[in-house]
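Visitor: Can you read through this structure? Questions will come right after.
The values are calculated or read from the model by the stated rules, or taken from the named source; none is laboratory data. Please read these numbers as outputs of a predicted model, since none were measured by experiment. Virtual Cβ from ideal backbone geometry, glycine too; neighbours counted across all protein chains shown.
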Amino acid sequence: MDIVASLMVGVGMALAGLDRPAPVVLDFEQVSPVYPFVSNNIAALDYYNAGLSSAGTRGPDYGVEISPNGLVICLNTLEVVCELSNTSRGDGGEGSEQGALFFLSGSETYINVADGFDTGFSFNYVSVAVAGEARIYDGLNGTGTLLGTLVLGPNAVDCPGYEAPFCAFAPVGMTFDGVARSVSFAGVANQIVFDDITFGSATPGAVPEPATTLLLLGGVLLVGAVVRARRPVRVDRVEA
């Protein structure tokens, strides 16, 4: 009976994994109309809400809306040097790719997820000299109940070869209870950058393969088949 109960628990866990939405990751790689990135200061806006960025690019329908001051900054790589302007600096570093999120006005920017997300939240970040925060709320635009806070200390270092003030990106994340619908990214304008923003996981960029849960379910069913095969077979003796 214990084996049957264990199998039922395993099946329940596998099916629950199939029902849970996969984490959503914002990597800001394709917001620029030119790839690899050569543009700075593009407002992401509704790019991740099946809408348009300020550059006219259209992104996937993740149900994610970004405040107008949330801008995409080019990240230098060892192969690509960003096009600089008077209002933005080239960026870059290990642990991130060609695009990231920052702001040049105000003291914070918001990301809204109208349908909500749960379980965890995470991203990669780099801050030049001043600490920032990421705050998770159960209402839109930083309203309602505060569900969690991540304090982001200065962590920029010199990355040889990158020629970038924002380097290197470091992962940060947390789990929380409840359903969140917005995140506030706070700090000093032009001093902190965020990338690989992940809704639904405490590990940035962690999107599980659908096959993982299916393998778990298949393993449970296989164990059940083995247990059944090992059961003794009753043979009734027939008297001559």
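Visitor: Show me the strands (runs of 3 or more DSSP E) entirely contained within the range 115-163 in which 1 or more residues are within 19 Å of V183 (Cβ to Cβ), among the acidic types (D, E) and in contact with a strand residue (DSSP E or B) (Cβ under 9 Å, 6 or more places away or on another chain).
Guide: The qualifying strands (runs of 3 or more DSSP E) are 132-137.
Visitor: Hey, any hits in the range 158-165 for a residue that's over 24 Å from V24 (Cα atoms) and free of Cβ contacts under 8 Å to residues at least 60 places away in the same chain?
Guide: yes
Visitor: Now a separate question. Identify the residue in the range 42-74 that is of a type in the set (A, V, I, L, M), more than 17 Å from I197 (Cβ to Cβ) and assigned to a loop (DSSP other than H, G, I, E, B) and, among all such residues, is modelled with the highest pLDDT.
Guide: If we take residues in the range 42-74 being of a type in the set (A, V, I, L, M), more than 17 Å from I197 (Cβ to Cβ) and assigned to a loop (DSSP other than H, G, I, E, B), then A50 is modelled with the highest pLDDT.
Visitor: How do the pairs read when you match residues in the range 119-144 that are at pLDDT 95 or above with residues anywhere that are part of a helix (DSSP H, G or I) and buried (at least 17 other Cβ atoms within 10 Å of the Cβ), using Cβ under 7 Å and keeping only pairs 6 or more apart or on different chains?
Guide: Between residues of the range 119-144 that are at pLDDT 95 or above and residues that are part of a helix (DSSP H, G or I) and buried (at least 17 other Cβ atoms within 10 Å of the Cβ), the close pairs are R135/G142.
Visitor: Hey, S39 hits all of (1) surrounded by fewer than 16 Cβ atoms within 10 Å (Cβ to Cβ); (2) modelled with pLDDT under 90 but one; which does it fall short on?
Guide: (1)
Visitor: For the range 125-141, what are the residues that are crowded, with 19+ Cβ neighbours inside 10 Å and in contact with a Phe, Trp or Tyr (Cβ under 6 Å, 6 or more places away or on another chain)?
Guide: Result: Y125, V126, A134, I136.
Visitor: Tell me, please, whether a residue that is in contact with a Lys or Arg (Cβ under 6 Å, 6 or more places away or on another chain) and either closer than 15 Å to V151 by Cβ or at pLDDT below 95 (or both) can be found in the range 179-193.
Guide: yes
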